[in-house]
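For reference, the structure is listed below as structure tokens.
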Amino acid sequence: MDARAPLHTVDPRIYGQFVEHFGRIINGGLWAELLRNRKFYPIDTQRRQVADPWMPETDRSNVSYAVDRWVSLNGISAQRVLPHGNSRSWRGISQTGFDVLGGREYAAYAWIKADRGDQNVAFRLEAADGAVAAHAEAPLRHGDWQKVEARLTPDRSLRPAVFRIAFNAVGIKWIGAASLMPADNVEGLRRDVLELVKSMGPPVIRWPGGGYADCYDWRRAVGDRDRRQPQPILPFGQPYGYDHGMDPNDFGTDEYLRFCARIGADPYITANFGSGTPEMAASWVEYCNGAADSKWGAVRAVNGRREPYRVKHWSIGNEIWLDPAQVGHTTAEGYATYYVPIAKAMKATDPTIAITAVGQFDNVSATERNWNDIVLSAAWEHIDMLSLHHYYPTGYWPEALVNRPIPAYLAVVADPIRVERSLKSLIAQADRITQGKKKIQIAFDEWNEWDWDYPRPVDSPERSFVNQFIDTLNKSGLEFNHTLRDALFGARMLHVFMRNCERLPIAARTHMINSLGAIRTDSTRAFVTASGKIMELYRKHAGTALLSVEQRAPSYEVPEEGWRDIPYLDAAATISPDGRTLFLHLINLHPKQSLNVQVHIDGRVPRPQGRIWEVAAEDFMSRNDFGRETVTIRQRRADGFGSAFLQVLPRHSATTLEIGLQ
């Protein structure tokens, strides 16, 4: 490698992450709320007259229920509870499906409307057999909606817990919204997850989607959180995803932007193309960036934030080429036609923003093979970046790789090389279209590897490919715990981004929490996955400029995919801003053998002492879990660096050498 003159800057935003309202990424993951359907959206699949997944009393002889669409806190529905008869027993509704920890304080509340006063409401945490672990009461008054709050500290851990809201007096009560969170939540965020995210240090966070972006009305998710109306998460709505595919709209624009500020990340917002309008997108820009005396800036100020958020990065739509699943799907010509007025309206509101257009990378649309040509030719003057998405496999595993761990491993860790070759071709294609008048940058704002081993289902005329794929997502439970294999795929993708960062300043890994997440959670615990460890390694131990590296290494083929000349070694080198520290990033992709790498450093004199950071494990299918960390970042001091030295790389490992320069 040549340590004298960097080739180009390595933008830290390539270590970005992606969160969307899908599965347990936000609700059930980042967000601390333990209750599902906390606003009592009228889903009642069991016809119990209680909104799912809430439960009525087992004995209904002296209590009746209705999901009331005429009386509500948010304009949609509320849960009506009517205790009757002479009993003074507690009667109400309950919910389970989560754990609580003994001795930990939980904050509970409910918005309640009662037809009479002189009575109490009880909040309880119970075991599955009904044994009470925590109980608190508060008075109710007659009249309009009131927010009733309580603190609950269970005297034992409950796995699972039952949360109950109950009344011991007759008369009609309506519950408009309820909440149960650990009391140490940070503005609604889980404290333990927040600390893990901070440790990983993503410099940019993409939100709110994903497919959801193209049916998302941002205006429904600002203001009083309890009065925001839920909305379906499309195209992955009921029965897919978390909470019957409904979003309670608790995590809206202000919550997202406060989260980004708290962890030091740049926000990156996807505006609604599929069902949105230029006015909707422009008003969102004004809400985020407008002065406090502008129309939507004034709304922001009323909601508690007078100063503009100054959101720089925006995109318009998500995978609009995805036929037929994506809301607002259209052709490339249709997208370009309607993209331009949206972009113009957004830039008229704030000329300083950068806007990303939907591109296509994997040609997964059968109807549009030249999407990028058409969109760029028609709209390049209004495009700052082109969004590309990539997952391996693109859908299902090739049959020849199913249940074959080593060939599947070799295909997974080879795929980034194929990505890099295609990426260079795509950038050259964009430059031909703009004829040097503008360099369109790339935002690789969804990427990952599907940690499953499913072949494609037998084709059915009733189910499109996309619907079959969504069926498979549902089969997986939207829950993946990445292995070391998947982590090394991620490491090699980061090398691709480093080498191409001159034209690729932003990338966002799918997803940050749960699903394909760098972090996994249940209701009381969280841990960093193998892939998360790789993101942490590179975020903390990499430089800000790329150095020239030449490598010679043995290679292999992936006949199942038709790929050849895939090196077992992937090397990249970066240098610190002050030019005093060299980071040599070495990935050994061989599934069985260590690699003896002869390193030569030209142009600078290395110091002999340094550090080695390494992610490795005994098996490439090793994974972390709650209370068990088998894939870690190991560090050790090194002595023996020089202008030429031998470095031994363990099999299937990622190693970073931190070398001081004189």
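Derivation of every value follows stated rules applied to the coordinates shown; laboratory data play no part. None of these values were measured; they are calculated from a predicted model. Cβ atoms come from the backbone with ideal geometry, glycine included; neighbour counts cover every protein chain shown.
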Q) What lysines sit close enough to Lys424 to cross-link, taking a C-alpha to C-alpha distance under 25 Å and skipping anything fewer than 8 places away on the same chain? A) Lys437, Lys438, Lys439
Q) Principal axis lengths of segment 63-182 from Cα atoms, whole Å, largest first? A) 38, 33, 22
Q. Lysines within cross-link reach of Lys113: Cα-Cα under 21 Å, excluding same-chain residues under 8 positions apart?
A. Lys39, Lys147, Lys173
(Q) Tell me which DSSP H helices of the chain clear both cut-offs, 20 Å or more of axial length from alpha-carbon atoms and a mean Kyte-Doolittle hydropathy of at least -0.5. (A) 332-349, 405-434, 484-499
Q.
Can you give me the long-range amide H partners of Leu7? Hydrogens built in the peptide plane at 1.01 Å from N, cutoff under 5 Å, separation of 5 or more residues or another chain.
A. Leu546, Leu547, Ser548
Q) So how far, in whole Å, is the C-alpha centre of segment 330-400 from the one of segment 58-81? A) 45 Å
Q: Between beta-carbons, use under 12 Å as the cut-off and find the net charge around Asp522, counting Lys and Arg +1, Asp and Glu -1.
A: +1
Q. So what's the back-of-envelope 222 nm ellipticity for the chain, counting only DSSP H runs of four-plus at -39500 (n - 2.57) apiece and dividing by all residues, rounded to 500?
A. -6500 deg cm²/dmol
Q: Return a whole-number percent for the relative contact order of segment 9-85, with Cα pairs under 8 Å and 6 or more residues apart as the contact set.
A: 21 percent
Q. So how far, in whole Å, is the C-alpha centre of segment 189-238 from the one of segment 405-421?
A. 32 Å
Q) Using alpha-carbon pairs under 8 Å, 6+ residues apart, how would you state the relative contact order of segment 514-662 in percent? A) 27 percent
Q.
Using Cβ counts within 10 Å as a stand-in for footprinting exposure, how do His329, His600 rank, fewest first?
A. His600, His329
Q) How about Lys198: which lysines have a C-alpha closer than 26 Å to its C-alpha, ignoring those fewer than 8 places off in the same chain? A) Lys312, Lys533, Lys540
Q) Taking Rh as the Kirkwood radius, which is the inverse of the mean 1/r over Cα pairs, what is the Rg/Rh value for segment 544-661? A) 1.00
Q: Would you mind ranking Ser531, Ser87 by Cβ crowding within 10 Å, fewest neighbours first?
A: Ser87, Ser531
Q: Starting from the Cα gyration tensor of segment 198-344, multiply each eigenvalue by 5, take the square root, and state the resulting semi-axes largest first in whole Å.
A: 24, 19, 16
Q: Run the numbers on the chain and let me know its relative contact order in percent, using alpha-carbon pairs under 8 Å that are six or more apart.
A: 15 percent
**Q.** Given (i) 87, 61, 50; (ii) 88, 54, 54; (iii) 83, 52, 49, the label whose value is Cα extents along the principal axes in Å derived from this model
**A.** (ii)
Q: Sort 563-570, 286-293 for me by packing, meaning the mean count of neighbouring Cβ atoms within 10 Å per residue, highest on top.
A: 286-293, 563-570
Q) If each residue's Cβ is checked for other Cβ atoms within 10 Å, how do Ile342, Ile440 rank with the fewest at the top? A) Ile440, Ile342
(Q) List the residues, sorted by chain then number, that are 5 or more residues from Glu449 or on another chain and whose placed amide H is less than 5 Å from its amide H. (A) Tyr392
Q. Hey, can you rank 176-186, 629-639, 24-34 by average C-beta count inside 10 Å, highest first?
A. 24-34, 176-186, 629-639
